[in-house]
């Protein structure tokens, strides 16, 4: 079966002014076999990164609505279902074949992430076949392709109830996380061999995250301890086109389709009772003085104040919080407290009281994660991993335009389009 380039690949090709491809009569349907040559390995990996960055913004947006970070302000049914926690197989924001650049109103991530995953997997397979003589920096490119493919699988494991890979059978969320873990392990080995510190950190922290999700907290801690201070790898955005925008920004500031939800509108020091401490500088918000189409006041997150503001994929604060969570699991409350104390001190906030039990300690870790990793795509997995209480509870009337009731669905069901097009899904 012939496959065609992702839009990300076409855009990367156009930006690189490769006449061979720009002279195609219809560049949106360039055959993948035309691109898949050793001399184009760098373009293929750049395409995988570009498609992941686009998909990542969608994931942050959709899961922010499903958790308690964002509040829907539009009248589109899919956005209501995400916000209301009533996603279904026929209404998960993915059943129309949505891709990143098609509609700023759509809140979806399944198809964009599958495209990014396929980009990374395809580049990985080819780079394992091609030789160093054919592809300069082959091992480094292989590490990058594997790392981004790993992150695509990671998000599938964190956000989906089940998923499928390349037309294969339906697999569990944990199996998807296992695929991600394997990708990261390969990426680590290749990044080390290539001397690529950035990709090494990205893959190592990605594996730590996957292992934490899988209940392997000791192994997650061992990985997280390898991450240096001030480490960060971002998904990058620009105003060049709709698909390159930071879509979290566009939903809030440009389209006014979503705003920050109640718990984070006026976030204060998590070490003190709610509303009693100083404002938390990690979660700054401001009213736009406008309401969404459904009447919701739009409170914007200043964290993403421009169309080109990057979104962190992996950073040192996340690594420290993984270590803290693993410490709590191991009963090392003092170790977890020291980490939280350092993170709070860095933003001039108070220290938590000494932890004397696991419940208090893990509650503090989750609270700090909610601030350090605000709108970075972690909050939904925290809800699922720790079985956090739903707010509002399931059964509460949904007041924003669509009516109905809040549900209890947190993971996203496999969309109907996968079942229709995949003979291995029954």
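Some notes on this structure:
- Across the range 180-252 the C-alpha pair distances fall into 10 Å bins from zero in the proportions 19, 38, 25, 17, 1 percent.
- Adding -39500 (n - 2.57) for every DSSP H run of four residues or longer, then dividing by how many residues the chain holds, sets the calculated 222 nm ellipticity at -15000 deg cm²/dmol.
- Rh by Kirkwood over Cα pairs, then Stokes-Einstein D for the range 363-426 at 1.567 mPa s and 4 °C, µm²/s: 89
- Degrees, to the nearest 10: 358-372 long Cα axis against longest axis of the chain: 60
- Length-normalised contact order of the chain in % [C-alpha pairs under 8 Å, at least 6 apart]: 19
- Using alpha-carbon coordinates, inclination of helix 138-159 to the longest axis of the chain, degrees: 50
- Proportion of all alpha-carbon pairs of the chain beyond 35 Å (%): 27
- Once the Cα atoms are used to define both axes, helix 333-346 deviates from the longest principal axis of the chain by about 80 degrees.
- Only Cα pairs under 8 Å and 6+ residues apart enter the sum, and on that basis the relative contact order of the range 165-316 stands at 22 percent.
- Between residue 308 and residue 422, the simple label model (points 7 Å from Cα in the Cβ direction) yields a spacing of 3.8 nm.
No value in this document is a laboratory result; all are computed from the given coordinates. As the structure is a computational prediction, the values presented were derived from the model and not from experiment. All Cβ positions, even for glycine, are placed from backbone atoms using ideal geometry, and neighbour counts span all protein chains on display.
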